[in-house]
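These notes concern the structure reproduced below.
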Amino acid sequence: MTQSMERLRGFRDIYPEEMRGREKLFSSAESVSRSYGYEKIDFPSLESMELYRLKSGEELVGQTFSFVDRGGREVTLVPEATPSVVRMLVSRKDLSWPVRWYSFQKFWRYEEPQSGRLREFYQFNADLFGPDNHAVDAENISLAASILDSYGLSGRYEMRINSRELMNLLIAKTGTSNLPGALAVIDRLEKTDQETLLKDLAECGIGKNEASGLLDLITTPASDGNLENRIISVPGVEPILKRVKKTISLVRATTQSDVVLNLSTVRGLSYYTGIVFEAFGKEEKTRSILGGGRYNEMAALLSGSPIPAIGFGMGDVVVEGLMRKLGIWNEARTSDRVYICTSSEDYMEYAFSVSSLFRKSGIDAEVDLSGRGLSAQMKAASRSGSRVAVIIGEREYGSRKVTLRNMVTGEQQEIDVSNAAAQAKRSILKR
RNA sequence: GCCGGGGUGGGGUAGUGGAUAUCCUUGGGGACUGUGGAUCCCCGGACCCGGGUUCAAUUCCCGGACCCGGCCCCA
């Protein structure tokens, strides 16, 4: 293949057999979201670069697909949903709270492709605007968990929950003024060795004793009953911890999967102001499957007046990778359809009208258009996965009948065309 | 942007400084003139691209793009 024919780096072609798993990924997320009262929105794939400069700064703009358009405007292929969603939100003054919105569309980031990460991907997003309390937090996290559960991942992931406010207090206690720096170090906790962590924290102005105390605290599992006692003595922690615990117990009421307090979950350098959460595979090591949190300042950044907000994003790449590893990605294709064969092209018009009857009865019908011998057509019928083959030859044509062959059992019968669809339905259901 | 690894038909592979590039699978056709899955037969289909070394490169060397994984970053 010549170079110009190759796909661009980090982009994918999706063939039909791969679409089956993907369609489940999309449709389950959407129907679960609707069942929670979330409504679907959509927004442009191209936005002004300013939207991201405002929110994230130059270093993130460098990781986008950006260019100058013919009108001299700096534009960016959308790398994430939140700024666009918030722009939509603040543009409307007639919304009644709470607003629950979701979207599922393509995003682009100019990064090196690697495990769980591509340059073009789909991301599901769900946000709730308006009220700010533990029930709101819990409902948004419950939606995230319910979607993963609907994928058959129940019990196979862990929902980690933390609070930015809580971390701010714990980190401030070490005496550093470089909060974002310390959070960034903590975000890298799992892939960094102890020595480097201490060194990096020292660069944030945290002394060795303070740093190892902080790391010890963060890595203590929530199942250790002492953890709460150790942090609750820090001034200001108590009400925050109380809210987090209430949130966790509400989420637990909606999922069988593990929901845990995890002090190392901080979500990088982003715009979160309160609760943060991330889901990780339990059996298989994964990047975060989804992640989100409360971001109460974003609306003010765009419009001047704050609107409390919580939301999460879930990319398709990591979920797909996990489901593949667990062997639940592409489950059996449906075959509730018929394959229509003709013994001669002379009967094609009859075959078309028969196919139309099937389709009007709600049965998918594929007509063999090849003009090949019946033997070859039957082979194609078998390979197509159809449970029923419809055979049309001289006899059937003359008597206004069709032959239905159950491709699983091999039974077949010649039947009047008016009863064919109903009979095929029975045959399909019989399996 | 940086680092490590990798490439032979659609998928999986064998092999080689020189001749028609191996096998399995998939796809098409046939044996089977109105019936699929089994068997047999036939057919189609590949050495990532460019440069170098050489009489000769799919093979050796260099570079590039691409793929896999990691760093940075993770919205």
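The values are calculated or read from the model by the stated rules, or taken from the named source; none is laboratory data. Quick caveat: nothing in here was measured; it's all calculated off a predicted structure. Note that we place each Cβ from the backbone using ideal geometry, even for glycine, and neighbour counts take in every protein chain shown. For the accessible areas, the whole protein counts, side chains as well, though only heavy atoms, and no ligand, DNA or RNA atoms are used. Shrake-Rupley method; radii C 1.70, N 1.55, O 1.52, S 1.80 Å.
Points worth noting:
- Value of Rg to Rh for region A:165-310 (Rh from inverse mean 1/r over Cα pairs, i.e. Kirkwood): 0.96
- Less than 5 angstrom separates the built amide H of A:VAL388 from those of A:ARG337, A:TYR339, A:MET407, all sequence-distant by 5 or more or on a different chain.
- Surface per residue (accessible, 1.4 Å probe) for chain A, Å²: 50 Å²
- Karplus-based coupling profile of region A:379-393, in residue order and whole Hz: 4, 5, 4, 4, 5, 5, x, 5, 7, 10, 9, 10, 10, 10, x, with θ = phi - 60° in 6.51 cos²θ - 1.76 cosθ + 1.60 and x standing for Gly or Pro.
- Derived scalar couplings ³J(HN,Hα) [region A:288-302; Karplus, 6.51 cos²θ - 1.76 cosθ + 1.60; whole Hz; x for Gly, Pro]: 5, 6, 8, x, x, x, 8, 9, 7, 9, 4, 4, 4, 4, 8
- Beta bridge orientation in chain A: antiparallel %, DSSP, nearest 5: 75 percent
- Compactness ratio for region A:186-261: Cα radius of gyration over 2.2 N^0.38 Å (N = residue count) comes to 1.31.
- Mean separation of Cα pairs under 8 Å and 6 or more residues apart, divided by the residue count, gives region A:337-430 a relative contact order of 31 percent.
- Rounded to the nearest 20 debye, the dipole size of region A:263-319 about its Cα centre is 100 debye, using +1 on the Cβ of Lys and Arg and -1 on the Cβ of Asp and Glu.
- Exposure of A:GLU238 as accessible area (Å², to 10), given a probe of 1.4 Å and all protein chains: 110 Å²
- FRET E, pair A:ARG22, A:GLU190, Förster distance 22 Å, beta-carbon r, rounded to 0.05: 0.15
- Accessible-area composition of chain A, carbon plus sulfur, in percent [1.4 Å probe]: 49 percent
- Net length available on complete extension from A:THR219 to A:SER177 is 12.9 nm, with 0.36 nm assigned per residue and the Cα-Cα distance removed.
- Placed amide H near A:LYS282: partners under 5 Å, 5+ positions off or other chain: A:TYR157, A:GLU158
- Against the main long axis of the alpha-carbon atoms of chain A, helix A:134-148 sits at an angle near 40°.
- Accessible area in the full protein assembly, largest first, 1.4 Å probe, for A:MET323, A:MET348: A:MET348, A:MET323
- Cα pair distances exceeding 37 angstrom across chain A, given as percent: 41 percent
- Springs join every pair of Cα atoms under 10 Å in this Gaussian network model of chain A, and among A:ARG243, A:ARG337, A:ARG324 the largest mean-square fluctuation is at A:ARG337.
- Principal-axis tilt of helix A:417-430 within chain A, Cα atoms, nearest 10 degrees: 50 degrees
- Residue ranking by accessible heavy-atom surface, 1.4 Å probe, largest first, among A:MET88, A:MET5 comes out as A:MET5, A:MET88.
- Rounded to the nearest 10 degrees, the angle from helix A:348-360 to the longest Cα principal axis of chain A is 40 degrees.
- Simple point charges give the picture: +1 on the Cβ of Lys and Arg, -1 on the Cβ of Asp and Glu, and for chain A a dipole about the Cα centre of about 840 debye.
- Each residue was assigned an accessible area with a 1.4 Å probe, and for A:SER150 the value is about 40 Å².
- Within a Gaussian network of chain A (alpha carbon springs, distance under 10 Å), most fluctuating of A:ILE171, A:ILE248, A:ILE415: A:ILE415
- Furthest towards positive pole of dipole, A:LEU77, A:ASN133, A:ALA145, structure part region A:55-152, Cβ charges: A:LEU77
- Rounded accessible area of A:THR409 (nearest 10 Å², 1.4 Å probe): 70 Å²
- Among the GluC sites (Glu not before Pro) in region A:333-431, those located in a DSSP loop and surrounded by at most 14 other Cβ atoms within 10 Å of their own Cβ are A:GLU411.
- Between A:ARG230 and A:LYS40, the modelled labels are 4.7 nm apart [label points 7 Å from Cα along Cα→Cβ].
- Taken one residue at a time, the phi angles of region A:215-225 give Karplus couplings (6.51, -1.76, 1.60, θ = phi - 60°) of 4, 4, 4, 5, 8, 6, x, 4, 5, 6, x Hz. Gly and Pro are set to x.
- Of A:VAL260, A:VAL237, A:VAL367, the residue with the greatest mean-square motion in the GNM of chain A, using alpha carbon springs below 10 Å, is A:VAL367.
- Cα-Cα separations in region A:337-430 greater than 17 Å, expressed as whole percent: 39 percent
- The share of C-alpha pairs in region A:273-342 whose separation exceeds 13 Å stands at 74 percent.
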